[in-house]
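See structure below.
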Amino acid sequence: MVGRMVYPKELFDLQLSFAERVCMVSGLPLECVLLDYTNFYVRFGLGRTFDPQHPTWQAYLAGLREAQDVREWTYRFYLRDPEAATAPHLTATFGCFSYTAESADRIRMHFRNAEAEGISPLSHARIERRRAELAALFGRVGETMGKRVLVVGVSWLYNLEAYRRLFPPEYGLSARVARNRFRSMPLWGQFVDHRGRVRESRAHPFLRSLAGHSSLTSLGECFPFQALAVEAPVERFYGFYGV
């Protein structure tokens, strides 16, 4: 979806249900769990320092203590300025793809739906467009960073063949589970479709599964997909896209 995506209330409700279950099995207070086991801090535009004393975070918690309905309060708080300052620092963007140069020899890949509303960015009809975007991206990397670069990424999307097919095979084959990503959209993003709606086909099994887990360490198994970390040398990408 072009422009800023405003996430639906159901996504926040899902995270609150997960947080409540974490509280139940761990005995941790809800205020601590919301910081460590949801994506709220980032969605409120507070960056990625996860400072529990941040004034805006403290304002959210103060309202939470007084709220009759924590779900309504949470979403109203988000809607004050939805998705302001939530994007990571980006070095360059090409259509649905962007990257961050984390150092002189390491870049991190990012993905967002930049298609017109209602069009799946990973459909078969969009394969060539996505690969052209990636070819342009790695053309820029080649011009500015050279050959000694490691390409890394973390996302639930690497579980999908429709996403992996856009990249060199070595990149997808390197996948390993990135644990404890409860604070980030690379895990929670799997519940939102390309129209910006919550996928009920994933949300309902997730909620049912929560009730069956009684330990903090096993709660991560409730997610339909895990966040996967991948990496490969940039030369694999240059060869794959012919740049």
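The values are calculated or read from the model by the stated rules, or taken from the named source; none is laboratory data. From a predicted model like this one, the values you see are computed outputs, not experimental measurements. A quick note on method: Cβ atoms are made from the backbone with ideal geometry, for glycine too, and the neighbour counts reach across all protein chains shown.
The single condition among (1) outside any helix (DSSP H, G or I); (2) assigned by TED's automatic domain parsing to the domain that holds Ser98; (3) at pLDDT 95 or above that Lys147 does not satisfy is (3). For segment 82-107, what are the residues that are assigned to a strand (DSSP E or B), surrounded by fewer than 19 Cβ atoms within 10 Å (Cβ to Cβ) and not polar (S, T, N, Q)? Of everything in segment 82-107, those that are assigned to a strand (DSSP E or B), surrounded by fewer than 19 Cβ atoms within 10 Å (Cβ to Cβ) and not polar (S, T, N, Q) turn out to be Ala92, Phe94, Ala101, Glu102, Arg106.
Scan segment 30-50 for residues that are surrounded by 14 or more Cβ atoms within 10 Å (Cβ to Cβ), of a type outside the set (Phe, Trp, Tyr) and part of a loop (DSSP other than H, G, I, E, B) and the total you get is 4.
Candidates are the residues of segment 58-101 that are over 17 Å from Thr38 (Cβ atoms) and among the small types (Gly, Ala, Ser); the one that is farthest from the chain's Cα centre (by Cα) is Ala62.
When each of Ala114, Ala135 is tested for being touching a Cys at 6+ places or on another chain (Cβ under 6 Å), surrounded by 14 or more Cβ atoms within 10 Å (Cβ to Cβ), hydrophobic (A, V, I, L, M, F, W, C) and touching a residue at least 60 places away in the same chain (Cβ under 8 Å), the lone residue that passes is Ala114. Here is a check on your reading of the model: is Leu173 closer than 30 Å to Tyr41 by Cα, of a type in the set (A, V, I, L, M) and out of contact with any strand residue (DSSP E or B) (no Cβ under 7 Å at 6 or more places or on another chain)? No; evaluated as a whole, the condition is false for this residue. The single condition among (1) without any contact (Cβ under 8 Å) to a residue 60 or more places away in the chain; (2) outside the structural domain of Val234 (by TED's automatic domain parsing) that Ser98 does not meet is (2).
Only residues that are of a type outside the set (Lys, Arg), without any contact (Cβ under 8 Å) to a residue 12 or more places away in the chain and within 23 Å of Ala87 (Cα to Cα) were counted in segment 161-209, giving 1. The set of residues in segment 63-81 being surrounded by fewer than 19 Cβ atoms within 10 Å (Cβ to Cβ) and either within 20 Å of Thr49 (Cα to Cα) or not assigned by TED's automatic domain parsing to the domain that holds Ser17 (or both) consists of Asp81 alone. Screening Leu166 with (1) surrounded by 19 or more Cβ atoms within 10 Å (Cβ to Cβ); (2) outside the structural domain of Asp13 (by TED's automatic domain parsing); (3) under 25 Å from Val42 (Cβ atoms) gives one miss only, at (3).
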